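Down below is the structure, laid out as structure tokens.
What follows is calculated from the coordinates using simple rules that are stated; it is not laboratory data. Note that this is a predicted model, so its numbers are computed, not measured. So basically every Cβ, Gly included, is an ideal-geometry build from the backbone, and we count neighbours across all protein chains shown.
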Amino acid sequence: MDDVPVETPQSQGTTRRGFYAAAINVLMAIVSAALGVPALLYLFAPAKGKKPDAWAEAGDVTRFAPNSPVEIVFQRHRIDGWRVIAEKGTAWVVKYDNSQVVAFGPNCTHLGCAYHWEAGQKDFFCPCHNSVFSIDGKVVSGPAPRPLDRFQTKVQGTKLLIGQLRKSTEPQA
Amino acid sequence: MKRRLAEFGDWLEHRTGLIGQVQHFLYEEIPDSSGWHQVLGSLALFLFMVQAFTGILLAFNYAPTPGDAYDSLRYILTELTAGSLIRGLHHWGASMIIVVVVLHMVQVFLWGAYKKPREGTWMIGVVLLLVTLAYGLTGYLLPWDNRAYWGTTVTTQIAAMSPGIGAYLTQLLGAADGVGVVTFARFYAVHVLILPPATILLVALHVYLVRKHGVAPAPGDELKPKKRFFPVQVFKDTVVIFLAFALLFAMAIAVHVPLEQVADPTDTAYIPRPEWYFLFLFQMLKLFNGPLEVVGAIVLPGLAVLALMLAPFLDRGKVVKVTRRFAAIGIVLLAVVGWSALTMAAVKSTPPQEAAVDYSYPTDWISLTPDQIATSTISDIPAFVRQGATIYQAKHCNACHAVNGAGGKLGPALNGLAKRQTRSWVEDHFVDPQKLSPGTIMPPYPMSSQDRDNLTSYLFSLPDR
């Protein structure tokens, strides 16, 4: 505060104008922030969301024949916004020789077409662009970039339970 | 940097004339007497913008059909971050805008600012007041809870009384067979498709006329030099806008807006009450009975609106100082007294609200058994539920009765009790079961009236299953 400017009537007018303009801007900025920040949180923060029953029943594991994949349909609950939707899901279930059970997601990892099991060739075949997957889901040939996706599974007693679909990450060797 | 900005300003001005327009707007000349009493119009416009903003945000997560409307609002309130705050801003903003619009009107009335040549500005203002009330009326139905449903049932039946056009009006409101999906769709369409563009158009006309005729001068202004709108008056507007917004924000956080149970057209015990600013009309209706009812419902409010509309033509005297406008001051005081008396009478005659579940909070506890509730640590359980469940546990009601699937089978399961019995029946039944259900094996359960109240309220909150 060592060089106080000499106040002429004119400069007094401009500093007062400056004060008003600054005060208007500051107050409006506070109001905008008080509206804007909640709006952004409201639009971008994920919904707290109740988790539905994560596991859907998908049949009796003793019924699956070893090494012969079957397409199964199961009922699951999905939360869609404020709705709980009961919907059908499908999976290709394989029981291996060691009686380990795997459930593959029903879509080809190339462009999402539905593939199927070719019992004669003993592989999964996608008719869209001829991707071929082996019985353990690995890419044998064709444009598919990664192995088949797998559902989380667990066995309770003899009941097979199917959970979330996990994207396969393993890159094609 | 500053030079670049100035260059850009020139470029923009040359092509659009925008900057010149803004300057023209800001540097408008206003009378010397202008000041704090003239901030209310700007405040009303600001609050309208807040309503539009929060309304659009709500619409982003709102499904406008009965049932889904309720579920989606519940989703906004219980699962979205800041959802409760945004609904609070919209709810209390609606109340605040009505207060401000009325105060704006009172100010203009007291100062006599509606006089020649500003009659049109005033009349558009009256229409804007009606539009503001229409927002309140239509928005009231949109949560689709019991309060919304029953309040709107009364509203549509009042509309049906309109002489001559009643039947057509209910047809137009989609309420010919009572409030239902059609009514809901119409109210929603009016609330978001008709009223907002109408408001924008009317406000534009209103502001255009204010600009055309200039802010109304007070006696003595003609001798003094004019001021400019910017910066001092804009500063005053901004300060008041800021304070009002701070109050609104505080209310949205601190004063909780409940959500009742979903609309239940079979709930014959529900006592509907309109929003506070319509209570005086509601009360006035009680002063007129039988064939005179239409006077209180339609004729008097209609005459009041007509009188407001014609005020500039009824009061044709010269503009005098506000402190000397005794008739205007008298009319305002009379209106204030009348409004307050009617509103207070209505509040007094409102029966105490029975304890009910507030669905604007998460209600995961609803599926718990009384034992679980009595010992639960969930913080959102209403006090009456916790106390009711504790009494239920202490009296061993579960020896004979089941709640949410747990308990004995000797007596009837208690879910959905509210649908089967009245409250007083249940309370009397605790005192003397034999009197109400002869031959029952249930013994009397003496308890304090407060315990009985809590237990009954808790049992009545159990969902039908």
Going residue by residue through the range A:99-109, the Karplus relation 6.51 cos²θ - 1.76 cosθ + 1.60 with θ = phi - 60° gives ³J(HN,Hα) values, rounded to whole Hz and with x marking Gly or Pro, of 6, 6, 10, 10, 10, 8, x, x, 10, 4, 6
Can you tell me the relative contact order of chain B? Whole percent, Cα pairs under 8 Å, sequence separation 6 or more. 18
Describe numerically, in nm with one decimal, the distance between label points set 7 Å from Cα along Cα→Cβ at residue B:423 and at residue A:152. 4.5
Residue-averaged beta-carbon neighbours from other chains (10 angstrom radius) around A:35-47: 6
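Note the direction-averaged projected area, equal to a quarter of the hull surface, for the Cα convex hull of the range B:89-189, in nm².
Numbers: hull surface 32.0 nm².
With the hull built on Cα positions only, its mean projection is 8.0 nm².
Only helices at least 18 Å long along their own axis, judged from Cα atoms, and with Kyte-Doolittle mean hydropathy of 0.5 or greater: name those in chain B from DSSP H. Intermediate results must be reported in sequence, preceding the final value.
Working: long enough: B:2-16 (21 Å, -1.39); B:40-59 (28 Å, 2.07); B:83-111 (41 Å, 1.38); B:119-139 (30 Å, 1.45); B:146-160 (21 Å, -0.19); B:195-213 (26 Å, 1.04); B:234-254 (29 Å, 2.24); B:300-314 (20 Å, 2.23); B:326-348 (32 Å, 1.98).
The answer, listed by residue number, is B:40-59, B:83-111, B:119-139, B:195-213, B:234-254, B:300-314, B:326-348.
State, to one decimal in nm², a quarter of the convex hull surface area for the C-alpha atoms of chain B, i.e. the direction-averaged projected area. Walk me through the intermediate numbers first.
Details: hull surface 119.4 nm².
Mean orientational projected area (chain B, Cα hull): 29.9 nm².
How crowded by other chains is B:73-85, given as the mean number of beta carbons from other chains within 10 Å of each beta carbon? Each step should come with its number before you reach the end.
Details: counts 1, 1, 7, 3, 0, 4, 8, 9, 10, 8, 6, 2, 5.
Per-residue shielding by partner chains comes out at 5.
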Once the cut-off is 23 Å, how many percent of the Cα-Cα pairs in the range B:99-254 end up in the long-distance tail? 56
Where the Cα atoms of the range B:367-465 are projected onto their three principal axes, how long is each span, largest first, in whole Å? 40, 27, 24
Put +1 on the Cβ of each Lys and Arg and -1 on the Cβ of each Asp and Glu in the protein assembly as shown; which of B:90, B:312, B:77 then has its Cα farthest toward the positive end of the dipole? B:312
With r as the distance between the Cβ atoms of residue A:23 and residue B:306 and R0 = 41 Å, compute the FRET efficiency 1/(1 + (r/R0)^6) and round to 0.05. 0.40
Expressed in angstrom, Rg and Dmax over the Cα atoms of the range B:283-365 are 20.3, 67
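Roughly how many debye, to the nearest 20, is the charge dipole of the range B:280-434 about its Cα centre, given +1 on each Lys and Arg Cβ, -1 on each Asp and Glu Cβ, and no other charges? Could the numbers behind the result be given before it?
Values: 13 positive and 10 negative charges, 188 e Å.
Roughly 900 debye, rounded to the nearest 20.
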Sort out for me the Cα centre separation of the range B:87-145 from the range B:417-464, rounded to whole Å. 47
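Once the piece of chain linking residue B:14 and residue B:247 is laid out straight, how much longer is it, given 0.36 nm per residue of separation minus the C-alpha distance between them?
Length gained, residue B:14 through residue B:247: 79.7 nm.
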The long-range amide H neighbours of residue B:227, using H built 1.01 Å from N in the peptide plane and a cut-off of under 5 Å, are B:30, B:32
Top positive-direction residue, dipole computed over the range B:1-120 with Cβ charges, set B:106, B:66, B:34: B:34
Explain nothing, just the number: relative contact order of the range B:297-433, from Cα pairs under 8 Å at least 6 residues apart, as a whole percent. 11
Distance cut-off 22 Å, Cα to Cα: go down the list B:286/B:348; A:138/A:159; A:88/A:167; A:95/A:154; A:138/A:167 and report the pairs above it. A:138/A:159
Once you place label points 7 Å from the Cα toward the Cβ at residue B:167 and residue B:133, how far apart are they in nm? 2.7
Working out 0.36 nm times the residue gap between residue B:204 and residue B:26, then minus their Cα-Cα distance, what length gain in nm do you get to one decimal? 62.5 nm
Spatially proximal aspartates and glutamates relative to residue B:116 (Cα-Cα < 13 Å; intrachain offsets below 8 disregarded): B:315
Starting from the Cα of residue B:395, draw a straight line to each of the lysines and keep only those under 30 Å, dropping any in the same chain fewer than 8 residues away. B:409, B:419, B:435
Could you tell me the distance between the Cα centroids of the range B:229-252 and the range A:91-163, to the nearest Å? 63
To the nearest 20 debye, chain B has a Cα-centred charge dipole, built from +1 on Lys and Arg Cβ and -1 on Asp and Glu Cβ, of 1620
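From the helices alone, meaning DSSP H stretches of at least four residues, give me the mean residue ellipticity at 222 nm for chain B, per-run term -39500 (n - 2.57), in deg cm²/dmol to the nearest 500.
Numbers: 20 runs with 270 residues, N = 465.
It lands at -18500 deg cm²/dmol.
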Gyration tensor on Cα atoms of the protein assembly as shown, a ≥ b ≥ c root eigenvalues, a/c under 1.5 rounded, else prolate if a/b beats b/c, else oblate, says oblate
Residues whose modelled amide H sits under 5 Å from the amide H of residue A:113, counting only those 5 or more places away in sequence or on another chain, are A:108
Once both label points are put 7 Å beyond Cα along the C-beta direction, the residue B:320-residue A:80 separation in nm becomes 7.0
Compute the label zone of residue B:366 within the range B:266-302: residues whose backbone N is under 20 Å from the point 7 Å along Cα-to-Cβ. B:266-271
Angle in degrees between helix A:9-44 and the longest Cα principal axis of chain A, rounded to the nearest 10: 20
Placing one identical point scatterer on every Cα of the range A:17-173 and ignoring solvent, what is log10 I(q)/I(0) from the Debye formula at q = 0.08, 0.10, 0.13, 0.19 Å⁻¹? -0.39, -0.51, -0.70, -1.16
Pulled fully out, how much extra length does the chain show between residue B:345 and residue B:239, if you take 0.36 nm times their separation in residues and subtract their Cα-Cα distance? 34.6 nm
